[in-house]
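Everything below concerns the one structure shown next.
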Amino acid sequence: MSSRPVRIILLLVGLLVTAGLGYRAQQDELALASARQAAADVDRAADPAVAAARQNGRWFGPIRFLRQSEPHIDMAVAGDRADDGMVVADINLKFASDVVTAIWLGENGRAYVVDAGGGLIAHPDAEEALRKANLADLPQVRAALDAAPGANAPAPTVVSKSANGTWMIAANASIDPPGWHVIVEQPVSAAFAPVIESMARAILLLLAGIALAVAASLVLARRMAAPIRALGDGAGRIGDGHLDERVEICTGDELEALAEQFNQMAHKLRESYAGLEIKVAQRTRELEEANRSKARFLAAASHDLRQPVHALGLFVAHLQEARDEDVRRRLIGKVAASSAAISELIEALLDISKLDAGVVAPQPAEFALQPLFDHMEQAFSIAARDNGLRLRIRPTRLRVRCDPVLLERIVLNLCSNAIRYTRQGGAILAARMRGPVVRIEVRDTGIGMTPDQQQRIFEEFYQGASAPDLESKGLGLGLAIVDRLTRLLDLPLQVRSIAGKGSVFALDVPLAADAASNALPPAQPLISTRFDGLPVLLIDDDAGAREATEGVLAEWGCRVRAAADAAEAVKLLDEGMRPRLIICDYRLGDDERGTDVVGRIRARLGDDVPAVIISADSTQELQSTAKAAGLHFLHKPLNAARLRALLIHVTGNPPVGPL
């Protein structure tokens, strides 16, 4: 039972009881007025009712039962003025039972009145009132009696069991004076019946809504099932590759729009497949052409490699039989030339394979061009002089931004080409600024090229001019490497040539932020190739390679101690050797690695001795490993010039050309 209806009921009960008391008091007052004259001569000053009323303005006596049937109460009320006197009345409380009985609280609800001590005053059941029962032990009555006297708010609602075991909910209100309490009781089931009925109605409405929603969904599902099935079937046919199929749905809603999107998707897929087939066919043709080109490349490489190997074998056989010293010197020169050609060809093939595999990553930096030009002069001045040519290199203060190693390789190949194919006159290497770029030009007065030859000069193994002698004949790979490097660095390369007049190769390189250096560095002089007394520790498990390398180093003046593995190298250290340079093959016997061996030797010496790793494996990973360990790297076949440049670098002089 909520508190608001209870309060309204209790207020009505209080008003009815008060009204009944007032009405009965008026009746009694009239009866007393008629008896007042008769009792005028009686002195009631000592009467407790009179004394209490004179002091407090009103007085209520205890409940008493006349003839064991009707409850009565004595009441005294004093007038407003002292000379008004007072009224003392004997009031029959039977009317209170009539009021309580008239209160309707449902079939099992009831209201009753108790006095300040819990005695029952009025009850719907007259017998209960006549029993003079004291209900102070009931929880609801105790809650009413324990409430603060004179409090306006009713005592808390109490839930308890009745005598017959029914759970009842009770509320109360006080009537002050005379300190009575009106208590209303109702079964819990009856009190919550409206709530339960409301919840039941809500549940019924909810169930009705759910049923309506289910019915509506079934109807909608039946309407949607057919187009969805059509959409699913169409999607399945499109998925099976029938891209010409169209999904026909005419519902005028989102399903029709979705079907149209499926149709558009199928149309685009059909166009994409058609384009893909064209691309696959084109790519297949490109792969076939690449395979044919690779086959031609390998065939040409095999042919060009067999030529110097064939000549080398014959020269060696002739050298073994020759007795004349002049003939032997000439044959030794031929052997050296054939060996150099083989080494150059293998190195060029390795460079092309690395460029085609995409393992070369540019590392741009800003640097001055003059040191690069100095390297070109050191590399080609002797060859030009021996051929009766003039090599002019114009000094420059310009700085560029590019990969210095790859740019040097491009210029090196262009200069080599210019010297090789020039019979008279000479070649010029120069650089000038053209807006945001630096144009590097290599000019020669050589044999030149026809327009047809200019279209093929960047093909592998193409030789525009044939020379009868091996020393002047190129491999046809230098310009192929230049073409790959310029495309890798995104550097425009222009070629102008006239047959019989000469050629010009112009390369545009981005200008550095600091375009010019302050002064021209001095040209590096050619350095002596003697290394008298340089202690070198050589480690190689191949006896032939070890012996050949040891012989070359000894001819250059080095004091070489050779070992086949780490154990022999450590033994040499125990014998007192203290190398200034370690040359070690990467792959040694018993799965030893040159980087690990050099690390052990350095740890034993307590010094980071300069060291170089030699390997036929030229992968970027191995080079990075060597660099991380502070080691130089040279790949096989070992070039004597590169090895000599490395020794110059180790002895503290600048190297001749790149390492």
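For this structure, a couple of remarks:
- For segment 594-611, a tally of residues being closer than 16 Å to Glu568 by Cβ and buried (at least 16 other Cβ atoms within 10 Å of the Cβ) returns 4.
- Any chance Ala213 is modelled with pLDDT of 80 or more and of a type in the set (A, V, I, L, M): yes
- Single residue of segment 315-366 satisfying the filter (modelled with pLDDT of 75 or more and polar (S, T, N, Q)) that is farthest from Asp617 (Cα to Cα): Gln320
- Whenever a residue of segment 588-599 is within 16 Å of Ala543 (Cα to Cα), its partners that are charged (D, E, K, R) and assigned to a loop (DSSP other than H, G, I, E, B), lying with C-beta atoms within less than 7 angstrom and at least six residues away or across chains, give the pairs Leu588/Asp541; Leu588/Asp565; Gly589/Asp541; Gly589/Asp565.
- When residues of segment 422-434 are limited to those that are outside any strand (DSSP E or B) and in contact with a strand residue (DSSP E or B) (Cβ under 8 Å, 6 or more places away or on another chain), the one farthest from Val504 (Cα to Cα): Gly425
- Applying a threshold of 8 Å to beta carbon distances and a minimum spacing of six or more residues, or different chains, the list of pairs starting in segment 489-508 at a residue that is within 22 Å of Ala365 (Cβ to Cβ) and ending at one that is of a type in the set (Gly, Ala, Ser) reads Leu493/Ala506.
- Looking at Arg392, Arg434, just one residue is charged (D, E, K, R), surrounded by fewer than 20 Cβ atoms within 10 Å (Cβ to Cβ) and closer than 21 Å to Thr486 by Cα, and that residue is Arg434.
- Residues within segment 562-587 that are farther than 16 Å from Asp541 by Cβ, touching a strand residue (DSSP E or B) at 6+ places or on another chain (Cβ under 8 Å) and part of a loop (DSSP other than H, G, I, E, B), tallied: 4
- Only one of Arg561, Arg642, Arg593 that is over 43 Å from the mean Cα position of the chain (by Cα), over 29 Å from Asn413 (Cα atoms) and of a type in the set (Lys, Arg): Arg561
- Single residue of Ala554, Ala548 found to be free of Cβ contacts under 8 Å to residues at least 24 places away in the same chain, of a type outside the set (Asp, Glu), surrounded by 13 or more Cβ atoms within 10 Å (Cβ to Cβ) and assigned to a helix (DSSP H, G or I): Ala548
- In summary, helices (runs of 4 or more DSSP H) completely within segment 37-148 and bearing 2 or more residues that are of a type outside the set (Phe, Trp, Tyr), more than 60 Å from the chain's Cα centre (by Cα) and at pLDDT below 70 occur at 48-56, 94-102, 126-130.
The values are calculated or read from the model by the stated rules, or taken from the named source; none is laboratory data. Here the structure is a predicted model, which is why all the values come from computation and not from measurement. As a convention, Cβ positions derive from the backbone with ideal geometry for all residues, glycine included, and neighbour counts pool all protein chains shown.
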